[in-house]
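S.K.: Got a structure for you, questions after.
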Amino acid sequence: MATAVHLDGITKRFPGVVANDDVDLEVERGTVHALLGENGAGKTTLMNVLYGLYEPTSGQVRLDGEPRSFRSPRDAIDAGIGMIHQHFMLVDPMTVTENITLGSEPRKWGGLAIDRDAAREAVVDLADRYGFNVDPDARVEDISVGEQQRVEILKALYRGADTLILDEPTAVLTPQEVEELFDVLEELTAQGKTIIFITHKLGEAMRSADEITVLRDGKKVGAVDADATSQEELAELMVGREVLLDVDHGAAETGDVVASVSDVVVEDDRGVRAVDRVSFDVRAGEVFGIAGVDGNGQSELIEAITGLQEADAGEIRFLGEDVTTASRRQRIEDGMAYIPEDRQERGLVMEFDLVENGLLGSQHGAELASSGRIDWSATRDHAEAIIDEYDVRPPDANADAHSLSGGNQQKFIVGREFERDPELVVASHPTRGVDVGSIEFIHERLLELRKQGVAILLVSSKLEEVQGLSDRLAVAYEGEFVDVVDPDETTEEELGLLMAGEQPDSGEGDPAGPPTDHSGAPSPAEGDLPDGEQA
Amino acid sequence: MSVADRARDALARLVDASATERILISSAALVLSVLIGAVLVLVAGRMTTCSPSEAVYYFGTGFCYDPIVVFDRLFLGALGDPFSGGWSPDGQFAVTLRETTLLVFTGLSVALAFRAGIFNIGTQGQMVVGALATALGVLWASAFVSGVVGTVVLIPFGILVGATFGGLYGAVPGVLKAYADANEVITTIMLNFIATGVALYLVSGVFKDPDSAANQTVPLAEFAQFPAVLFGARQNFSLVALAFGLIAIAALYYVLEHTAFGYDVRTSGVQPEAAEYGGVDAKRTIVASLTLSGALGGIAGAMYVMMVLGTFQTGIPAYGFDGITVSILAGNNPLGVGVAALLFGVLKSGTTVVQFATDVPPQLVGVLRGLIILFVAMPEFFRLLAKGLPGAGSKPEAVATDGGTVTENGGGADE
């Protein structure tokens, strides 16, 4: 079979960061190719290179064997590439036909007017050819999200796309709509179209793709045949196994319960339960880890605990007090330190310098700002102490946060939060994007705090990190804890199974999970298309 | 590099420009606008007719308007001709300072809201409400005091009343934004109409001065108005009011830079997510900053009543809208507002001088003024725009370090 898309040694550098590092990708014509990886692995960057949004620092894009260089999406569209973004680019009050033909409408009267009849006919023909069920006259605001997605796909096809890139297409869909999408993909490939499907969900990659390429930290870590792999293998590839930092943390000397979460439910914007009745305790002097592939409710759970999002049900207690509805500021003042997952969005004010950033979260505290007046000289000393202690480079408190590399930004945040003298540290991906030396340093600091009797809640998708540091380890899957295990007594293989949602005892599948995430077996909802081989 | 890339690059450099660079850019823009304005004056002067003796000659060609005279009048005239010996404390310079004083308050009002990330177009309405409240409050209180004691008591009282009512009127869009997610641009514009409408209704009816044909309140007693100190008696300017303005500049600067509240405001303005993380109560900060912003607008109204008019009359000039320009000109920095208000004051008062001294039509002077403001404001305006634009300034790095996270997480539907 012919190779439709060939990316050859793509490297994309941003100031201070390599988003894609020498990535190869080969996609066969008429197949579905999943691009799998964690958030931040560089999947979208790579596809933006293919779609002409970014120019690669080095490397070559080839279509049907021919070298191409795209300077804008316009070039890529002309070359037959279409991209369907996670957030649809549709004009809500306009009809399906108007949206699909927008900008390339058939003309009449010598180009003076839009030929509406011809446009409608073209859309109907196109929808018929691929068996899409859309009403050409419906307004986009009146149709379901799944239909809107099909309109987006038709829009790309109308512009002559042979290769379609779908960025996390299932994120906005209900399970039934996901099934419908997969049917659509099969129909498209059957007619010779090529699909590249960006996802971080193992089950979906397995279910829909013919081949899967896995990215981690901007590098390609494997390309496997979907039929010849397992969810466990994919999870391992995605999460990776870096040099195991040998931290001997000794037995935990645990004290009182510091934080207690019971039956917490957090719903997302669509009313779907991102966190579904989770309960656990974190004691003084222990590291409670949460492992799991990203997007299984960890972020929402952490935000509910730290006060950035309100829990929809359940109770969160901190130091014996009910803080379920307490403000974020209250929780900070009570001694809850938080290393957020997204350091540039949340953890730092990017255009403030480090002196001002060192104050974030303490601006109402007595130490640096008693009675509402900021003591800038004490604040400067505080920032300089963090910079010194946590080896932030360059060691300049006047430097703006955005001028620092990602790793140094992270070290500054870690320093600021650890220096709060906390009772509880909530660390969400504390070493993501940080170099190996700093990882070790951050780990040592975490364990030091643990020794001092601080309770630590650690979330990480890096298996060796949560496994190496935690005293107890919960595995999150689909918003629930599949199990809480002793990390020293559990093998990576067992954890891999748990992360794929398999109960330790029942062995097969998760009875409560939606059909998309069943490993392997096709769901009965799939309809009348032949099972098994798709390519 | 494509045109789009180059534009993006220029924006990025603009965002990252240092304070000194920004002042230099603004100064260069001022010079450039004067040069272009001069060309316009020449062209306009070429297209009209006048007697040869009235014309000026450049490069062997006659022009009816002389750009040198126009700009000399516009700037030096506004300063009261300090170099020609005709300077008087009651002259045009007092007018310039009067305009400056009012613009300082409306400029600060807009700047504070801007720093909190809120676009307060309602300063005009808050000024009207403050002005009316001050007039009525001071009229009521005048019955209890008089003389020097009256001045000492009534002026702070009037400012306080104006600030309170302006603040309450600013709190309305604040509450609507914080608790009902109503866009402040829309609500503040609407509230402007309501303010002028209600004020008109009140002073044309209940509170109307029976002895006046105009829609105005009874005039304030002499002792209830700002006293002329050193200069400005004829021009309705008081150095005391200007001193209040300077104090307000210093106070707002202090609040923004040296208090926890100011830190909350600034953090919310540049990165609301980080502010939330840092324990800032977003709703309270919105309401508080719009209230304070409204209070400053209300003080502008109090000044207008107690210094300029001596009564409340409908049809208050658009100082509130000029405040938006002043604030943008100043990069929303309180200290910059002082300078920008002075420039604006010079232009406003200089315009009348030009009209007296030359034959240049007022429309053309308006164009010159507009040019200057446009040129000086544009770099700052583009900075504001570029900050909200992905890929400008420091943002490429932000996209990069998180790899695809920014795009993949999109609207947060996924995580």
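S.K.: Would you please put A:295-308, B:88-101 in order of how densely packed they are, using the mean number of other Cβ atoms within 10 angstrom per residue and starting with the highest?
M.R.: So the order, starting with the most tightly packed, is A:295-308, B:88-101.
S.K.: Next up: Which links in A:Lys201/A:Lys411; A:Lys43/A:Lys193; A:Lys155/A:Lys193; A:Lys219/A:Lys462; A:Lys108/A:Lys155 stretch past 25 Å when you go from one Cα to the other?
M.R.: Beyond 25 Å: A:Lys201/A:Lys411.
S.K.: Give me a single rounded figure for A:344-355: the average over its residues of other chain Cβ atoms within 10 Å of their Cβ.
M.R.: 6
S.K.: Would you mind estimating how fast chain A diffuses translationally, via Stokes-Einstein at 10 °C and 1.306 mPa s with the Kirkwood radius over Cα pairs, in µm²/s?
M.R.: In µm²/s, the coefficient is 63.
S.K.: Positive end of the dipole of chain A, charges at C-beta (+1 Lys, Arg; -1 Asp, Glu), about the Cα centre: which of A:Phe412, A:Val151, A:Trp376 has its Cα farthest in that direction?
M.R.: The one lying farthest along the dipole's positive direction is A:Trp376.
S.K.: When chain B is treated as a GNM, springs tying every alpha-carbon pair under 10 Å, which of B:Tyr201, B:Tyr169, B:Tyr58 comes out with the largest mean-square fluctuation?
M.R.: The residue with the greatest mean-square fluctuation here is B:Tyr58.
S.K.: Select from B:Asp359, B:Asp211, B:Asp281 the residue whose mean-square fluctuation is largest in a Gaussian network model of chain B (Cα-Cα springs shorter than 10 Å).
M.R.: Maximum fluctuation in the GNM of chain B, among the listed residues, is at B:Asp211.
S.K.: Per-residue Cβ counts within 10 Å, from other chains only, averaged over B:254-264: what number is that?
M.R.: 5
S.K.: Moving to a separate point now. Across chain B, how many lysine pairs, 8 or more positions apart or on different chains, have C-alpha atoms separated by under 30 Å? Please give the number.
M.R.: 6
S.K.: What is the sum of charges around A:Thr194, taking Lys and Arg as +1, Asp and Glu as -1, for the other residues whose C-beta is under 12 Å from the C-beta of A:Thr194?
M.R.: -4
S.K.: Mind checking the mean number of beta-carbon atoms from other chains within 10 Å of the Cβ atoms in A:264-273?
M.R.: For peptide A:264-273, the averaged partner shielding equals 1.
S.K.: Take every DSSP beta bridge with both residues inside the protein assembly as shown and express the antiparallel ones as a percent of the total, to the nearest 5.
M.R.: The antiparallel proportion sits near 60 percent.
S.K.: Still on this structure: When the dipole is taken about the Cα centre of the protein assembly as shown, and only Lys, Arg (+1) and Asp, Glu (-1) are charged at their Cβ, what size is it in debye, to the nearest 20?
M.R.: Dipole about the Cα centre, nearest 20: 7180 debye.
S.K.: Next question, about the same structure. Picking from B:Leu176, B:Leu385, B:Leu374, which is most flexible by a Gaussian network model of chain B using Cα springs under 10 Å?
M.R.: Top of the fluctuation ranking is B:Leu385.
None of the figures in this text is laboratory data; all of them are computed from the coordinates on show. Everything numeric in this text was worked out from a predicted model, so none of it was measured. For neighbour counting, all protein chains shown are included, and Cβ atoms are generated from backbone atoms with ideal geometry for every residue, glycine included.
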